[in-house]
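Take a look at the structure set out below.
The values are calculated or read from the model by the stated rules, or taken from the named source; none is laboratory data. Note that the structure is a prediction, hence the values are computed from the model and not measured. Cβ placement follows ideal geometry from the backbone for every residue including glycine, while neighbour counts extend to all protein chains displayed. To get the accessible areas, we keep the full protein, side chains included, count just its heavy atoms, and leave off ligands, DNA and RNA. Shrake-Rupley method; radii C 1.70, N 1.55, O 1.52, S 1.80 Å.
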Amino acid sequence: MQEKYAFHLIEPKWQKRWEEDGLYNVDRRGNRPKLYCLEMFPYPSGDLHMGHVRNYSLGDSVARYYRMRGYDVLHPIGWDAFGLPAENAAIKRGIHPADWTEQNIANMRQQMHRLGFSYDWRREVATCRPDYYKWTEWMFLLLYKRGLAYKAAAKVNWCPSCATVLANEQVVNGACWRCHTPVEQRQLEQWFFRITAYAEQLLEDLRMLTDWPERVKVMQANWIGKSEGAEVTFTVEGTGQEITVFTTRPDTLFGVTYLVLAPENPLVEELAAGKPEAVAVRRLAAEAARVAARQRTEQEKIGVPTGAWAINPVNGERVPIWVANYVVMEYGTGAVMGVPAHDQRDFEFARKFGLPVRVVIQPQDGPVPEEGEDLEAAYEGPGTLVNSGSFDGLPWEEGKKRITAWLQEHGAGKPQVQYRLRDWLISRQRYWGAPIPLIYCDHCGTVPVSENDLPVLLPRNVDFRPGGPSPLARCPEFVNTTCPRCGRPARRETDTMDTFMCSSWYYLRYASPHDDQAPFQPADVDYWLPVDQYIGGIEHAVMHLLYSRFLTKVLYDAGLVKFREPFQRLFTQGMVTLGGSAMSKSKGNIVDPNDIVAKYGADTARVFTLFAAPPERDLEWSEQGVEGAYRFLNRVWRLAYELEPLVRQPRGGRAQGGNDPSAWPKEDRELRRLLHATVKKVGQDIGERFMHNTAISSIMELVNALYDYRQNVPPERQNAVLLREALQKLLLILAPFAPYITEEIWHQLGWEGSIHLQPWPQWDEAALAAEEVTVVVQVNGKVRDRLVLPADTPEEVLRQKALQLPKIQPFLAGRTVDKVVSVPGRLVNIVVH
């Protein structure tokens, strides 16, 4: 071996060798267990960032570990390559999005090779290539044929900067999730996927996801937003028109003192027409139309009366009908009933506009004021019905059931389940996306493109600058076509699909990446899917992850897959931060992985990102931490260099006490115990606990122990058998984290085959038992001394030795010992007074 750790020579050598040997390629064999390990594929923006390095290093260490455990590991990678960033970058640079994207893919692929990620590159996919988006279009047609894709006129979220529509999930705090521009509302004809048809399944099947972070499941459950209650029909006084409201609190129906309509409710103009209130109503409606619906709910509550009245079905009372900005059409019916005594939002609205407040629920543990005008806040808890006619005295849950039954019996309502989830708007008015495979014929209507004619190709010569109609609409050679049914002239759909459609099924394509007859082969998917371990950011909880679950359920119902959930185990890693904030080009706090690899090597970059913080937490970048990881790898190299002559001795070597470890000297037995304990812990930390940082910490402790052994045990007494075993096992357990250095040392020491194809080392359970233990000695719960004793010391002896310790005597002088509590192998607590 060379004395110096020359990573700049080692890493390119093994990168080339692994690629030539196809070391990480895998095919269906069926005679071994399988593992499908997948990290969320990147958008090819030009360069990897440190967040990518962390994400992919996590997945790569898992994949490498399970290969060594004897699994067939599918570990693929690809590119989420359609989307606005490429289109905008191409406009800025004056090149085509396809060229820009392919250049970025080539650069990022080279970076991934340098970092040593163990991908099966034969399975690489890019969503922007026709051999992929052909099948994205096929997925659209599947949804269309199953009645799950439809076109409708609707108010949509419009980003004026991106010049396209956004799905509800892509509006964050009233702004575009990508460019942060405030979102506007526009009325457009758009294509939707009927994800609401699967709302209940998406919610119920969260219970199947036992290996998902609870936080992600809660986020999805809240986004789906199931509410159980009743639909109640009020009638407009004088016209008999019906206004339906949804409520989760039918027990409070006798407390309704007003109704509120959403500004965009079609009834608003009709109710206000010809009344003095009409001008104010129209002004409020116009102002509300300029603000995204969900943003309105967070604004100051503004309302005006329409001048119309409604009749409460349970008591025949007249209640005024108002219009207010906090009610939206996209959730519920676009109308809500105001119960100010028992809903804080309604209470604040009623107080602001002088509307009546009526108490209809009294708590069990003490009354609220009977007169609503005396309330200081709404009472929203459980209780007993009052001021509710024949329902007085009922517990609130029973009141809900009885009042709902009364409504249904009298044709004034019914039980109802409501969801916050809205259908997935997939139309985009930009160029760089998968075309929607539909044709409009004046004679035949909307006609799907034949599957035999897929893919509908994106034309290259298109003016894709934003402005006016969508770019494809400005391309006659794309628009003008013939109808597949009648052969007459027809027009193509010119919107493209939301890029989340491309990523909602990519994990399936990896199973059969080169199939040109189907998106995937059933035998391949049956073998590899579902994904066993999925790794990515929590920011995808209610977009990518929800959409992927939806599409998988559609495929399941179509009989195309045998599983209802695509990802069995999910891990969401933390971000890489600098100065306390996420790395960002706009903030100027980017650390370029290329610089780190050039200065320290890929193994150092990997070890640092895995060691510096628990993987689920944010990692604060530290140059000192990087240097520490580099020093650690140098220590491993020097250790191997020093032990090389010993390792190369004829097999067997010298071991004082022979080959029976129980007869070895104490220092040998202790080193062997730590070695086997480390092997066990590292395997558990990777495969069970997903605690890569503690796994690496344990390896560092082992390296320290080996150095201590070499320094403290005279050379003539050092155990060659033990040191050979320790070095070999050290390299094997370090290999998933630092693949280059371990591969080089393995070969330099003369061991055969790639280290990454060796079996994971075994540990001897008998070796794990400590011969001696350190016992903490406390007096009244405070640590005063420690004892080092044989591990099998009886409790009585343990207590006696603790009481006899010189450092303990001053704390016992003049006091009475009440009791001595002992935990064998851990502590003794002497209780005195």
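The sole residue among A598, A605 that is crowded, with 19+ Cβ neighbours inside 10 Å, over 23 Å from the mean Cα position of the chain (by Cα) and modelled with pLDDT of 95 or more is A605. Could you list all residues from segment 29-46 that are among the hydrophobic types (A, V, I, L, M, F, W, C) and either free of Cβ contacts under 8 Å to residues at least 40 places away in the same chain or within 25 Å of A106 (Cα to Cα) (or both)? Across segment 29-46, the qualifying residues are C37, L38, M40, F41. The test for being within 29 Å of A324 (Cβ to Cβ), of a type in the set (A, V, I, L, M) and more than 41 Å from the chain's Cα centre (by Cα) holds for L407. The selection criterion, being in contact (Cβ under 8 Å) with a residue 24 or more places away in the chain, over 27 Å from V171 (Cα atoms) and either in a helix (DSSP H, G or I) or aromatic (F, W, Y) (or both), does not hold for T306. A count restricted to segment 80-93 and to residues that are surrounded by 24 or more Cβ atoms within 10 Å (Cβ to Cβ) and outside any loop (DSSP other than H, G, I, E, B) stands at 2. The residue list E184, E231 contains one member that is in contact with a Phe, Trp or Tyr (Cβ under 7 Å, 6 or more places away or on another chain), closer than 30 Å to Y379 by Cβ and open to solvent by 10 Å² or more (accessible area, probe 1.4 Å), which is E231. The one condition from (1) part of a loop (DSSP other than H, G, I, E, B); (2) surrounded by 19 or more Cβ atoms within 10 Å (Cβ to Cβ) that P367 does not meet is (2). The residue that is most open to solvent (accessible area, probe 1.4 Å), counting only those in segment 314-343 that are among the polar types (S, T, N, Q) and at pLDDT below 95, is T333. Screening segment 435-492 for strands (runs of 3 or more DSSP E) wholly inside it with 1 or more residues that are among the polar types (S, T, N, Q) and more than 23 Å from M139 (Cα to Cα) returns the ranges 480-482. A802 meets the conditions (1) open to solvent by less than 90 Å² (accessible area, probe 1.4 Å); (2) free of Cβ contacts under 8 Å to residues at least 12 places away in the same chain in every case but one. The failed one is (2).
Cβ-Cβ contacts under 7 Å between residues 6 or more apart (or on different chains), taken from a first residue in segment 781-797 that is at negative phi to a second residue that is surrounded by 12 or more Cβ atoms within 10 Å (Cβ to Cβ) and of a type in the set (F, W, Y), are listed as R784/F811. Screening L457 against (1) open to solvent by 20 Å² or more (accessible area, probe 1.4 Å); (2) of a type in the set (A, V, I, L, M); (3) free of Cβ contacts under 8 Å to residues at least 60 places away in the same chain leaves a single unmet condition, (3). Here A197 meets each of (1) closer than 25 Å to L148 by Cα; (2) under 21 Å from the mean Cα position of the chain (by Cα) with one exception, condition (2). Taken together, T235, T239 contain a single residue that is part of a loop (DSSP other than H, G, I, E, B) and farther than 27 Å from L425 by Cα, which is T239.
Kindly provide the set of residues from segment 529-579 that are outside any loop (DSSP other than H, G, I, E, B), of a type in the set (D, E, K, R), over 17 Å from L206 (Cβ atoms) and at pLDDT 95 or above, ordered by number. Listed by number, the residues that qualify are D532, D557. Checking L787, L757, L727 one by one, the residue that is under 23 Å from E670 (Cβ atoms), of a type outside the set (S, T, N, Q) and modelled with pLDDT of 95 or more is L727 and no other.
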